[in-house]
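Enquirer: My structure is below; once you've seen it, I'll send some questions.
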Amino acid sequence: MKTEFITLTAPDLILASLLVLALIGLVARLQLGLGQTLSIAAVRTTVQLLLVGLILEAVFNRARLSWILLIALVMMVVAAWEILARQKRKLRAKWGFSISAFALFVSSFMITVLTLLMVIEADPWYTPQYAIPLLGMLLGNTMNGIALGMDRLVQTAWQQRAVIEQRLMLGQKDSEAIRDIARDSMRAGMIPIINAMAAAGVVSLPGMMTGQILAGSPPVEAVKYQILIMFLVTAGTGFAVIMVLQLITRRMFDSRERLRFDRLLKVPR
Amino acid sequence: MLRLEDLQIPGIETINLTIAPGECIGLSGESGSGKTRLLRAIADMDEHGGQVYEENVAQDDVRAHEWRRRVALLPAESHWWLDTVGEHFSAHAEHIEALGFGQDVMSWSISRCSSGEKQRLSILRMLANCPRVLLLDEPTANLDAANSERVERLVLDYLVEHNAIAIWVGHDAAQLSRVAHHRYQVSDGSFTKVVHP
């Protein structure tokens, strides 16, 4: 079913940008020191989204699997890089990038492919109108989850390294000595998506659903897609966070159950 | 018996040493000389060369956490991560009175313990694992004379009772001569026996 929807014009967007400009002006006046960051982010979002719009239009007109795979690859690399950039304690870059990319591939990419093949069943299965937004939503949420969980694990373990060693000295297994911290980190990674599920529809209308409704879809159809996405995102994020936490804790201890931050970070001696 | 065979720790000469059951070894040396690193190597907390045997069981023959239950390291500063004292004990604590506490100590909140109380409690916590070897890093550093004496007596009684072994790191020469059967010292990278201290 196709419904007419109202297209936005350039003046419409300029009107909205005036609001952001007003905010930047106020922030500068109150010397809150966020003006530059805000401006850069606002410019970035405009440029990035316009570019992506152009690319998507091009790809949508000519659905070629190789193009779509290339775009997926770029998205995953950027997401993995972004995860590392968000860490307060910098992991050894090559290794940190590899595990992030691996987790994103195994969870987000695989779940996207499975969903396209078995749930959406578009023709062809890689129809970009479905494939790219789906992968994007999974990657975005999984990236957040991994970044939060990883940051919490490394940061807390570093702060509590003396406690971890004390527990090892008392004869606890390495997995036991890190368990509380791993549990906390899992929570940190999953809380955003759990909150989103709990509040969905009651407190907030999820963005994708809102978009579909604005574009003229019947609400119930939009809701069905939203539920699908929520489940996929939850599973994808959960598996990815577990994977990354496991890989980090394995690396944090050596075969003799010693705490080895030197294998994880660049540690000053 | 505890045997250090070609034990290599950065900055200290290779160490060969055999300690008989029931014995306590006193170890002294300036701070930074490597006493703590030596204890950590014996407990397998740091990478090191050579081998350590406890009753003919080599470090590498057992899982690391099993080794550390037999060969317990008491760090100079103890750490606590749960709310009450008792939650940190893997088994029922004995010798509570011997260190001057009452039975109610297990329900104490960690946050109200002084550093001296924590130090004494950490000894009880270690002994609850029934270790065969005690590696004690300045175990009475925060204690007054009366409590130091309690700790000395408890450790010596434990060695006799369990035929266990202790390496006692400390700065107090009088104390070391009270507790130790033999004394060694680490200085400028050399590990030497102290004859007629």
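Values quoted throughout were computed directly from the atomic coordinates according to the rules given, and no laboratory measurement underlies them. Bear in mind the structure is a predicted one, so any value in this text is a computation, not a measurement. Ideal geometry is used to build each Cβ from the backbone, glycine not excepted, and the neighbour counts take in all protein chains shown.
Enquirer: Write down Rg/Rh for the stretch A:2-160, rounded to two decimals, with Rg from the C-alpha atoms and Rh from the Kirkwood relation over Cα pairs.
Expert: In the stretch A:2-160, Rg relative to Rh is 1.05.
Enquirer: Among DSSP beta bridges whose residues both lie in the stretch B:130-193, state the antiparallel percentage, nearest 5.
Expert: Bridges in the stretch B:130-193 are about 45 percent antiparallel.
Enquirer: Hey, another quick one. Any idea how far the Cα center of the stretch A:55-78 sits from the one of the stretch A:213-241, in Å?
Expert: About 21 Å separates the Cα centre of the stretch A:55-78 from the one of the stretch A:213-241.
Enquirer: Taking the Cα centre of chain B as the origin, how large is its charge dipole in debye, to the nearest 20, when only Lys and Arg (+1) and Asp and Glu (-1) carry charge on their Cβ atoms?
Expert: 160
Enquirer: Could you go through the stretch B:18-34 in sequence order and give the Karplus-derived ³J(HN,Hα) for each residue, using 6.51 cos²θ - 1.76 cosθ + 1.60 with θ = phi - 60°, rounded to whole Hz, and x for Gly and Pro?
Expert: Karplus values, whole Hz, x for Gly and Pro: 10, 10, 7, x, x, 8, 10, 9, x, 10, 10, x, 4, 5, x, 7, x.
Enquirer: Averaging the inverse of every distinct alpha carbon separation and then flipping it gives the Kirkwood radius. What is it for the stretch B:14-82, in angstrom units?
Expert: Kirkwood hydrodynamic radius for the stretch B:14-82: 13.6 Å.
Enquirer: Oh, and also: Which FRET efficiency, nearest 0.05, do A:Asp262 and A:Ala22 yield, Cβ-Cβ r, R0 51 Å?
Expert: 0.55
Enquirer: Under the Kirkwood approximation applied to all pairs of distinct alpha-carbon atoms, what is the hydrodynamic radius of the protein assembly as shown in Å?
Expert: Taking every pair of different Cα atoms in the protein assembly as shown, averaging 1/r and inverting gives 26.8 Å.
Enquirer: If Lys and Arg each add +1 and Asp and Glu each add -1, what is the summed charge of the other residues whose beta carbon sits under 14 Å from the beta carbon of A:Ala103?
Expert: That works out to +1.
Enquirer: Okay, moving on. Counting only other chains, and only Cβ atoms inside 10 Å, what mean value do you get across the residues of A:169-181?
Expert: 5
Enquirer: Follow-up question, since we're still on this one. Which cross-chain or sequence-distant (5 or more) residues have an amide H under 5 Å from the amide H of A:Leu265, H modelled 1.01 Å from N in plane?
Expert: A:Arg92
Enquirer: Wrap a convex hull around the Cα atoms of the stretch A:153-269, take a quarter of its surface area, and give that in square nanometres.
Expert: For the stretch A:153-269, averaging the hull's shadow over all directions gives 9.5 nm².
Enquirer: Hey, another quick one. What's the ranking of B:93-99, A:126-132 by average number of surrounding C-beta atoms within 10 Å, highest first?
Expert: With the highest mean Cβ count within 10 Å placed first, the list reads A:126-132, B:93-99.
Enquirer: Right, next: How many partner chain Cβ atoms sit within 10 Å of a residue's Cβ in peptide B:62-74, on average, as a whole number?
Expert: 5
Enquirer: With a point put 7 Å past each Cα toward its Cβ, work out how far A:Asp180 is from B:Ser31 in nm, to one decimal.
Expert: In this crude label model, A:Asp180 to B:Ser31 measures out at 2.8 nm.
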